[in-house]
Amino acid sequence: GTFSLAQASLTFLWVAFAGLAIGVAVTWSVSTFQRWLWRGFGEEPGAALLVNLLIPFAAYLLAEELSASGILAAVAAGITMSYVELTGRISGSMRVQRSAVWNMVQFTFNGIMFVLLGEQLPGIVERAVETMSVTGHQSPWWLLVYVLAINAILIAMRLAFVWLSLRWNLLRARMRGEKGTSTPLRVVLAMSVAGVRGAITLAGVLTLPLMIPSGAPFPARDLVIFLAAAVILVSLIAASLLLPRLLRGLELPKDDTSRREEDLARKSSSKAALVAVERARQELAEGQPTGNVQLLNDAAARVSLLYQRNLDKGISPDEDPDKIKRMEQAYRSLRSAGLNAEREELFRLTRRGQISDEISRKLIRNLDLLESRQRE
């Protein structure tokens with residue numbers, strides 16, 4: 001029955017930061033072990049996908065065992081997996097498979113969250129009303145007051161965050177000597193109400209225990225779940241109603257950042273690929289007879305022309321089957337070297353913050369698809 005602010009603060013810091021640290025540590029250690037295993041025994045896509053699916057669960061269970069936040073550990077594990085991707089140490093075909101699996105899993109889990117909520121909602125509302133009566137508020141309308149008050153605070157926080165982040169980006173652009181334009185207020189309002197789902201919030205409150213160690217029901221558990229769900233619902237409805245009106249007739253400021261980043265990424269990765277193709281050609285040509293060297297030169301020329309976006313479709317190899325086979329093998333080796341170099345350069349640009357995550361994922365996916373098609 002007593003409350004200590006110091007103890008509560010320390011407990012909160014442990015729950016939050018230990019959960020985040022555990023998520024990062026689990027993902028990093030498993031990924032490091034996987035890379036060591038792949039170097040010695042080769043990649044197995046099925047096993048690798050299964051391990052990736054289990055990493056967030058492992059982080060969650062370990063954090064809960066250490067009295068930290070399992071939800072934050074799982075979230076940190078997912079974010080760390082995204083950063084591990086930037087090392088570029090897995091094959092393109094595996095990355096394509098993993099992307100498809102994770103998209104399906106994400107959609108399924110989001111659906112499960114809201115199905116669980118819908119199944120429990122009638123009882124949650126009833127018990128939330130009972131909790132209200134214990135606090136002295138006999139009218140269930142106080143629940144609506146709480147929900148609207150929380151939403152009002154969230155809207156104010158989002159507005160402040162969006163406005164400050166836009167002003168900061170504008171200041172950075174001016175410091176770089178670029179001409180920045182102010183963002184219309186309607187854009188700020190639209191960004192403040194868009195993109196609201198609340199799946200992580202809902203997952204967090206649904207993991208509150210049913211009982212405390214003494215065996216008594218967890219105090220106000222249903223009230224917390226109801227408030228979280230109601231805030232999410234009101235946010236979604238508000239976004240659905242307000243966004244069409246805010247965006248009607250709105251002219252967004254011209255932004256060439258994505259185009260510039262994509263051009264930078266394509267040029268840098270193509271240059272890196274050309275260097276890697278030439279290096280691979282020289283390595284493959286060492287100790288080869290003159291005929292094979294010529295084939296390697298022809299294959300390297302085709303790959304180089306491809307990266308220069310001027311590949312001549314009319315060029316065809318000699319009709320001799322043996323020469324065709326050797327030409328194809330050389331072409332695949334050089335093309336693979338170029339694709340790997342392109343990918344490494346894109347990962348490097350992303351790590352340095354020179355291109356955005358969105359542009360990086362788009363271009364890397366294209367390279368992965370090319371690599372997968374080449375292996376077929």
Query raised in the report: Can you tell me which of M104, M94, M157 is open to solvent by less than 50 Å² (accessible area, probe 1.4 Å) and either at pLDDT below 80 or under 22 Å from L202 (Cβ atoms) (or both)?
Result: M94
Query raised in the report: Could we say that T131 is open to solvent by less than 60 Å² (accessible area, probe 1.4 Å), among the β-branched types (V, I, T) and either modelled with pLDDT under 85 or in contact with a Cys (Cβ under 6 Å, 6 or more places away or on another chain) (or both) here?
Result: yes
Query raised in the report: Any residue at all in segment 5-24 that is of a type in the set (F, W, Y) and either within 22 Å of the chain's Cα centre (by Cα) or not in a helix (DSSP H, G or I) (or both)?
Result: yes
Query - Scan of segment 252-286 for residues that are at pLDDT below 70 and either over 29 Å from E344 (Cα atoms) or loosely packed, with under 11 Cβ neighbours inside 10 Å (or both), ordered by number - result: L252, P253, K254, D255, D256, R259
Query raised in the report: Out of (1) touching a Pro at 6+ places or on another chain (Cβ under 7 Å); (2) under 23 Å from R365 (Cα atoms), what's the single condition that is false for A74?
Result: (2)
Query raised in the report: Out of all the residues in segment 67-85, is one or more modelled with pLDDT under 85 and either among the aliphatic types (A, V, I, L, M) or assigned to a loop (DSSP other than H, G, I, E, B) (or both)?
Result: yes
Query - Every residue from segment 113-128 that is β-branched (V, I, T) and open to solvent by less than 90 Å² (accessible area, probe 1.4 Å) - result: I124, V125
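Does A74 satisfy being among the hydrophobic types (A, V, I, L, M, F, W, C), crowded, with 17+ Cβ neighbours inside 10 Å and either more than 17 Å from the chain's Cα centre (by Cα) or more than 19 Å from L202 (Cα to Cα) (or both)?
The answer is no for A74.
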**Report entry** Cβ-Cβ under 6 Å pairs, at least 6 apart or on other chains, segment 24-42 side closer than 20 Å to P56 by Cβ and in contact (Cβ under 8 Å) with a residue 12 or more places away in the chain, far side outside any helix (DSSP H, G or I) and not aliphatic (A, V, I, L, M)
**Finding:** R35/R89
Report task. Show the residue pairs that are 6+ apart or on different chains and have beta-carbon atoms under 9 Å apart, the first residue being within segment 218-233 and without any contact (Cβ under 8 Å) to a residue 60 or more places away in the chain, the second being polar (S, T, N, Q) and open to solvent by 40 Å² or more (accessible area, probe 1.4 Å). Result -> A228/T201; I232/T201
Query raised in the report: When segment 336-372 is examined, which residues are found to be surrounded by 18 or more Cβ atoms within 10 Å (Cβ to Cβ), of a type outside the set (A, V, I, L, M, F, W, C) and more than 16 Å from T87 (Cβ to Cβ)?
Result: S336, G338, E371
**Report entry** Selection status of S31, buried (at least 17 other Cβ atoms within 10 Å of the Cβ) and out of contact with any Asp or Glu (no Cβ under 6 Å at 6 or more places or on another chain)
**Finding:** yes
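Name the residue, out of G88, G1, that is open to solvent by less than 20 Å² (accessible area, probe 1.4 Å), in a loop (DSSP other than H, G, I, E, B), of a type outside the set (S, T, N, Q) and at pLDDT below 90.
On the way: G1 fails: open to solvent by less than 20 Å² (accessible area, probe 1.4 Å).
One residue alone meets the criteria, G88.
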Report summary line: Checked pairs for segment 234-250, first in a helix (DSSP H, G or I), second open to solvent by 80 Å² or more (accessible area, probe 1.4 Å), C-beta under 6 Å and 6 or more apart or across chains, list as L246/R186
Query - Whichever residue in segment 34-60 is at pLDDT 90 or above and aromatic (F, W, Y) and, among such residues, is least open to solvent (accessible area, probe 1.4 Å) - result: Y60
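The values are calculated or read from the model by the stated rules, or taken from the named source; none is laboratory data. The structure presented is a predicted model; accordingly, all values stated were derived computationally and were not measured. Positions of Cβ are generated from backbone atoms using ideal geometry, with glycine treated the same way; all protein chains shown enter the neighbour counts. Accessible surface is based on the protein model in full, side chains and every heavy atom, while ligands, DNA and RNA are left aside. Shrake-Rupley method; radii C 1.70, N 1.55, O 1.52, S 1.80 Å.
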